[in-house]
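What follows is a set of notes on a single structure, which appears directly below.
The values are calculated or read from the model by the stated rules, or taken from the named source; none is laboratory data. These numbers were taken from a predicted model, which means no experiment stands behind them. Reconstructed Cβ throughout: ideal geometry from the backbone, glycine too, with neighbour counts over all protein chains shown.
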């Protein structure tokens with residue numbers, strides 16, 4: 001198995017959190033080719049991708065309420081956001097589904113983007129916004145809201161409660177909101193607020209992520225051609241199923257069982273714990 005096959009396999013079986021990380025990294029690599037100005041050492045994103053604080057720009061480019069959350073201003077910006085996303089996604093997905101994760105990521109990015117535009121409008125400031133930080137904060141705060149007393153172990157610090165870590169991050173954002181990167185901190189706090197509200201509504205029976213799921217399902221069904229099969233007359237066979245068909249079911253069950261065992265191993269010890277044979281088997285099964 002090549003390195004490229006290994007990456008494709010991890011993309012297939014890693015879930016929506018891994019895919020969002022891949023999308024962010026991929027967008028960063030593409031941005032290096034098309035939007036990085038080597039002379040000044042900074043990115044120069046076009047208006048139709050980056051979120052502007054000017055409400056008029058938002059009217060012409062409403063897509064920027066989401067595209068900004070997949071762009072970053074530099075390597076360390078990307079690295080920090082993806083590290084925290086990887087950490088917080090593991091906590092969130094312990095209790096909630098993949099669709100809820102994706103829905104929260106998308107909705108919190110949109111909400112934080114609107115808060116950024118409104119905040120800068122009232123502060124009479126002008127700037128642009130990029131980065132997944134707001135959505136990442138929403139995921140972290142959502143997990144913290146649901147399980148604040150969860151024990152986590154941090155390097156050089158030791159074991160602390162999850163709400164301690166989240167509280168420190170939020171406090172730092174609040175302290176710097178009017179000193180530097182004001183727009184970024186407004187978006188962070190807005191994303192955190194949305195993550196908190198999302199969990200409170202979910203506990204009371206309202207799942208906002210259904211909105212995103214319905215929109216995605218609509219577009220998938222829209223571009224997926226319907227398969228028309230000719231009518232066939234069905235004959236009922238009263239005889240017992242043959243031994244041959246029964247054996248196929250047994251083989252299929254063993255095959256699926258082996259896949260489940262490998263996936264359990266990944267969830268417990270990580271993908272790197274798999275043997276070469278297990279990786280090869282899982283790659284063939286995913287085709």
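Some values worked out for this structure:
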| quantity | calculated |
| --- | --- |
| Lone qualifier among 197, 141 - being assigned by TED's automatic domain parsing to the domain that holds residue 116, in contact (Cβ under 8 Å) with a residue 40 or more places away in the chain, part of a helix (DSSP H, G or I) and surrounded by 12 or more Cβ atoms within 10 Å (Cβ to Cβ) | 141 |
| Test result for residue 49, more than 30 Å from residue 280 (Cβ to Cβ) and out of contact with any strand residue (DSSP E or B) (no Cβ under 7 Å at 6 or more places or on another chain) | yes |
| Test for residue 49: is it over 29 Å from residue 162 (Cβ atoms), assigned by TED's automatic domain parsing to the domain that holds residue 13, more than 12 Å from the chain's Cα centre (by Cα) and buried (at least 18 other Cβ atoms within 10 Å of the Cβ) | yes |
| Residue that is nearest to residue 196 (Cα to Cα) [pool: residues in the stretch 95-109 that are surrounded by fewer than 19 Cβ atoms within 10 Å (Cβ to Cβ) and in contact (Cβ under 8 Å) with a residue 24 or more places away in the chain] | 95 |
| So residue 6, is it over 19 Å from the mean Cα position of the chain (by Cα), more than 24 Å from residue 143 (Cα to Cα), touching a residue at least 60 places away in the same chain (Cβ under 8 Å) and in a helix (DSSP H, G or I) | yes |
